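Okay, so here's the structure we're looking at.
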Amino acid sequence: MSATLSVHFEKRYPDTTIRAQFEQETTGYRATALFGPSGCGKTTILRAVAGLVRPETARIDWQDECWTDTQRGLHIPPQRRRVGFLFQDYALFPHMTVEQNIGYGLPHNADRRRAVGAIMERFQLSGMNRRRTHQLSGGQQQRVALARAVVRRPRLLLLDEPLSALDMNTRQQVRRELRALLIAANMPALIVTHDPLEAMALADRVVVMKDGAIRQQGRVEDVFSRPVDLAVANIVGVETVQRGEVLDITNGIAQIRVGTAVLRAVTREPVGRIVDICIRAEDVMLFRGDPGRTSAQNVLKGNVASVYPEGPLFRVLLDCGFPLTALISKQAKLDLDIAEGESITALIKAPAIHVIAGK
């Protein structure tokens, strides 16, 4: 028996065509993020998997069961696919209590009461049975909506921008909770998001989309640290992307001129090739003065161009012969006493620099 969700999909609109082809494991909790800017087709794919959109050309299989096959004219309706759908606005009923919202659509019997009670305990909603939705925080509303989706024991969870309805502070808190809740549900999930932090926090795999097409897919850490091209680097939010030239390659380590600096990186691009280097801000370590012996092959002297808070971290923009961005904790900022105009040393390991062939 095949233990995958397999999606081959094409939906045509007057001004665009959305195409997708990917697979996801369906044993236990596995999460794939459909990731990209607004309007790239993520939600259309999610709704097609749910059976809410009928594409012109598609084959969607759940394990050994075919849900959609346009060649054969086969389309299994949403209720028979047994999926749970968490909508962007949660779609809770304001006139119902928490307990009534979670149990909506279930038969009114003892099994319903047991199932609702168990799921409320699992999702930390015990004691809120009689509350109305307006009496709940944003995080509590999300837990109610997710509990309602899970209580029916679906085979697959579909989440459409699950944190977008929350303010920034609540979103940071709920993001941490949501993955734990999804793991507790022990179900595979497809998650639509345009937020890189959300994709990295919730998903194991990511499908990056732009203009209705998949540009890259794979493990989250691989895609976000090693984008296949500049378009993907921009979508996944690589902070430093600069053009350079390969000067030399020795023992597999290339020297690449970037601005007035020379970086060492791992690449197979030949000498003389124009390339683009990608450096994620969290891979840049900052030191005062001489860091001493270090395994990092890139030790760059620089000046702080600006520093400003970004959530619980601080973003530091440096001039190291080229613009370089680092992300540091509040404590690191205090320990280093970082301020605009100060001199600083940046360390970057050669494998942390991703090299893309220039065009």
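The values are calculated or read from the model by the stated rules, or taken from the named source; none is laboratory data. This one's a predicted model, so the numbers in the text were calculated from it and none came from an experiment. A quick note on method: Cβ atoms are made from the backbone with ideal geometry, for glycine too, and the neighbour counts reach across all protein chains shown.
To keep it simple, each residue is scored yes or no on (1) among the hydrophobic types (A, V, I, L, M, F, W, C); (2) outside the structural domain of residue 206 (by TED's automatic domain parsing); (3) part of a loop (DSSP other than H, G, I, E, B); (4) on the phi > 0 side of the Ramachandran plot.
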| residue | (1), (2), (3), (4) |
| --- | --- |
| 11 | no, no, no, no |
| 14 | no, no, yes, no |
| 27 | no, no, yes, no |
| 37 | no, no, yes, no |
| 44 | no, no, no, no |
| 48 | yes, no, no, no |
| 53 | yes, no, yes, no |
Exercise for review: Residue by residue through segment 289-309, note down the ones that are polar (S, T, N, Q) and either more than 18 Å from residue 325 (Cα to Cα) or modelled with pLDDT under 80 (or both).
Suggested key: 294, 295
Practice item. Looking only at segment 71-96, count how many residues are surrounded by 17 or more Cβ atoms within 10 Å (Cβ to Cβ) and not in a helix (DSSP H, G or I). Key: 6
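Yes or no, residue by residue, for (1) surrounded by fewer than 18 Cβ atoms within 10 Å (Cβ to Cβ); (2) in contact with a helix residue (DSSP H, G or I) (Cβ under 6 Å, 6 or more places away or on another chain); (3) closer than 25 Å to residue 200 by Cα:
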position: 6; (1), (2), (3): yes, no, yes
position: 14; (1), (2), (3): yes, no, no
position: 17; (1), (2), (3): yes, no, no
position: 28; (1), (2), (3): yes, no, yes
position: 42; (1), (2), (3): no, no, yes
position: 46; (1), (2), (3): no, no, yes
position: 50; (1), (2), (3): no, yes, yes
position: 55; (1), (2), (3): no, yes, no
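For the condition of a type in the set (Val, Ile, Thr) and closer than 22 Å to residue 210 by Cα, what is the one hit in 76, 45?
45
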Point to revise | Scan of segment 296-319 for residues that are more than 16 Å from residue 261 (Cβ to Cβ), touching a strand residue (DSSP E or B) at 6+ places or on another chain (Cβ under 9 Å) and in a loop (DSSP other than H, G, I, E, B), ordered by number | key: 312
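Please specify each residue of segment 135-184 satisfying the condition of being in a loop (DSSP other than H, G, I, E, B) and surrounded by fewer than 22 Cβ atoms within 10 Å (Cβ to Cβ). It would help to see each step written out before you state the result.
Taking segment 135-184 first, the residues in a loop (DSSP other than H, G, I, E, B) are 136-137, 151-155, 161-167.
Residues satisfying the conditions are 136, 137, 152, 153, 154, 155, 161, 164, 165, 166, 167.
Could you please let me know if residue 168 is touching a residue at least 24 places away in the same chain (Cβ under 8 Å), among the aliphatic types (A, V, I, L, M) and touching a Pro at 6+ places or on another chain (Cβ under 8 Å)?
Against the criterion (touching a residue at least 24 places away in the same chain (Cβ under 8 Å), among the aliphatic types (A, V, I, L, M) and touching a Pro at 6+ places or on another chain (Cβ under 8 Å)), residue 168 does not qualify.
For segment 203-213, does any single residue satisfy the condition of being part of a strand (DSSP E or B) and either on the phi > 0 side of the Ramachandran plot or touching a His at 6+ places or on another chain (Cβ under 8 Å) (or both)? Walk me through it before giving the result.
Going through segment 203-213, the residues part of a strand (DSSP E or B) turn out to be 205-210, 213.
With either on the phi > 0 side of the Ramachandran plot or touching a His at 6+ places or on another chain (Cβ under 8 Å) (or both) added as a condition, the list becomes none.
No; the residues of segment 203-213 include none that is part of a strand (DSSP E or B) and either on the phi > 0 side of the Ramachandran plot or touching a His at 6+ places or on another chain (Cβ under 8 Å) (or both).
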Exercise for review: Look through segment 298-344, keep the residues that are under 19 Å from residue 241 (Cα atoms) and of a type in the set (S, T, N, Q), and return whichever of them is farthest from the chain's Cα centre (by Cα).
Suggested key: 303
**Study point:** Every pair of residues 6+ apart whose Cβ atoms lie under 8 Å, when the first sits in segment 106-123 and is in the same structural domain as residue 140 (by TED's automatic domain parsing) while the second is of a type in the set (Lys, Arg)
**Key:** 106/112; 106/152; 123/143
